1. Starting from residues that are hydroxyl-bearing (S, T, Y) and over 24 Å from L222 (Cα atoms), keep the ones in region 374-433 and report whichever is modelled with the lowest pLDDT.
2. Evaluate the following for I184: is it on the phi < 0 side of the Ramachandran plot, β-branched (V, I, T), outside any helix (DSSP H, G or I) and touching a Leu at 6+ places or on another chain (Cβ under 9 Å)?
3. Quick one: is R409 in contact (Cβ under 8 Å) with a residue 12 or more places away in the chain and either part of a strand (DSSP E or B) or more than 18 Å from the chain's Cα centre (by Cα) (or both)?
4. So D495 ticks every box in (1) in contact with an Asp or Glu (Cβ under 8 Å, 6 or more places away or on another chain); (2) within 24 Å of R383 (Cβ to Cβ); (3) not aromatic (F, W, Y) but one. Which box is left unticked?
5. Could you please tell me which pairs satisfy a Cβ distance under 6 Å, a separation of 6+ or placement on different chains, a first residue in region 483-506 that is surrounded by 14 or more Cβ atoms within 10 Å (Cβ to Cβ), and a second residue that is at pLDDT 90 or above and in a helix (DSSP H, G or I)?
6. I'd like the residue in region 303-320 that is without any contact (Cβ under 8 Å) to a residue 40 or more places away in the chain and over 14 Å from A260 (Cα atoms) and, out of all such residues, is surrounded by the most Cβ atoms within 10 Å (Cβ to Cβ).
7. Hey, can you tell me all the residues within region 75-108 that are more than 26 Å from E19 (Cβ to Cβ), part of a helix (DSSP H, G or I) and in contact (Cβ under 8 Å) with a residue 12 or more places away in the chain?
8. Residue by residue through region 20-55, note down the ones that are outside any helix (DSSP H, G or I), of a type outside the set (A, V, I, L, M) and crowded, with 18+ Cβ neighbours inside 10 Å.
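The values are calculated or read from the model by the stated rules, or taken from the named source; none is laboratory data. Since this is a predicted model, take the numbers as computed values, not measurements. So basically every Cβ, Gly included, is an ideal-geometry build from the backbone, and we count neighbours across all protein chains shown.
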Amino acid sequence: MKEIENIELTFLSLDDYQELKEAMIESYKNMPNSYWKEHHIKSLIDRFPEGQVVIKVNDQIAGCALSIIIDYNEFEGHHTYKEITGGYTFKTHTSDGDMLYGVDIFIKPEFRGLRLGRRLYDYRKELCERLNLKGVAFGGRIPNYHKYADKISPKEYIDKVRRKEIHDPVLNFQVSNDFHPAKILKNYLEGDEASNEYAVLLEWDNIYYEKQSKKPTVNKKLVRLGLIQWQMRPYKNMEELLQQAEFFIDAVSGYRSDFALFPEFFDAPLMADNNHLTEPEAIRELAKHTSTVIQKFSELAISYNINIISGSLPEIQDNRLFNVGYLCKRDGTVERYEKLHVTPDEVKVWGMEKGKQLKVFDTDCGKIGILICYDVEFPELSRLLADEGMDILFVPFLTDTQNGYSRVRNCAQARAIENECYVAIAGSVGNLPKVHNMDIQYAQSMVFTPCDFAFPANGIKAEATPNTEMILIADLDIDLLRELNQFGSVRNLKDRRKDIYELKKI
């Protein structure tokens, strides 16, 4: 082949037919008369011009990709090539479909080895994303199977190809381009003796696909967080504390944040009035204010157009003391979460009990999880939330010493890596000399990310100044998590050995 002067990907034109025919004949020498007639190509171009492309090298056709859009529900089970193409009429194509189906793809022998096939597959993927389709699918031939058909089944053949025990140039290429086998199709392509008429249904999932909603909803992909590093200080009363809380909500809302995250037990200064009581009595008095705080936060969430995570507050239910928090959404709904692992100190000093509820919350910014302080040190909880689709984990915390803070911080960063999610932690600083069991605090609020090329190398998106009252603003791109899940250097969620262990809620 002479020196390459240019490579061009362009739409297929009927004027290209004669050259295309010759290219097909040369590419399918082992399958005589397996080229498309001119009326077939005309039908494809008329129905779906965007789906028919050729790649040219030095203005000569080097390869081609033909595609249609189908309603995948009609063909997701077993189907043949003849059925998927509507008896080669392509009447199965519908612009209202949800899956891009590959009709044909080939590279002329003389141009193989230039990674031109990858360009054609990449075009299909980009077209799929642009048209908001679920993915790309096609029946992939297994042309070397006839050599093994009398010894192993198609399934065993595919397994051996994946383990590199058998070389199959077609299947290897498709798997290397992120297509995964979905099922085996029997009697798929009539006359394909090399594959014993078997094919592998290969699929590529569009991670950006969004199902069309009948209601006008917004699900943000760029999310802004506002973390509040709260200063513990004396307050005269509840009204003064709520004024300070509103000040911070106003501040992060002014930066158009989608979430405001408060720390654990941020209302603890109000216990100063009851410092003459025992610690269990004082915190139970504090619990009487919780409903007032949540009512106010719900009002502020609506008026400032922001989702507020209340950190945590003491609450009494059936005369039992719990550490809980509330997600106050900007649409007016309020949801509750609980601390599931209470610290030895919380049990010993306050008589606090363990919560039981673990759940993912649906928001206008996707699915989020909330774990209170000590809970983030137990990896099972966040893994269960990740399995339910969590993208952002919020961790309100309260730590008195730097080593206590380090436990929360390091465990939170591990949760971001192992669950391929963002993790935001917010704590309190300062001291409360007139509140028993709450005298000193240490915190550095942070936002963690996974560690891969699309994220900061050290996995830290943003960090506050230690032990200083302030807000921390961070922007998160949810789509980066989808790309990480599919194409990351490592795939912590996908590569779990579910064949030897499992994790489930009881």
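1. We begin by selecting, within region 374-433, every residue hydroxyl-bearing (S, T, Y); these are 374, 382, 399, 401, 405-406, 422, 428.
In the following step, the residues that additionally are over 24 Å from L222 (Cα atoms) were identified as 374, 399, 401, 405-406, 428.
Values: Y374: 97, T399: 96, T401: 93, Y405: 97, S406: 98, S428: 97.
The extreme case among them is T401.
2. Working: on the phi < 0 side of the Ramachandran plot: yes; β-branched (V, I, T): yes; outside any helix (DSSP H, G or I): yes; touching a Leu at 6+ places or on another chain (Cβ under 9 Å): yes.
Yes, satisfied.
3. Working: in contact (Cβ under 8 Å) with a residue 12 or more places away in the chain: yes; either part of a strand (DSSP E or B) or more than 18 Å from the chain's Cα centre (by Cα) (or both): yes.
So R409 fits the description; yes.
4. Failed condition: (1).
5. Final answer for the pair search is N492/E418.
6. Per the stated criteria, the residue is E315.
7. Filtering region 75-108 down to residues more than 26 Å from E19 (Cβ to Cβ) leaves 75-80, 82-84, 86-87, 91-92, 94-99.
Okay, now just the ones that are also part of a helix (DSSP H, G or I), so 82-84.
K82, I84, listed by residue number.
8. Our first condition is that a residue be outside any helix (DSSP H, G or I); within region 20-55, this holds for 28-37, 48, 52-55.
Then drop every residue that is not of a type outside the set (A, V, I, L, M), which leaves 28-30, 32-37, 48, 52.
Correct list: Y35, W36, F48, Q52.
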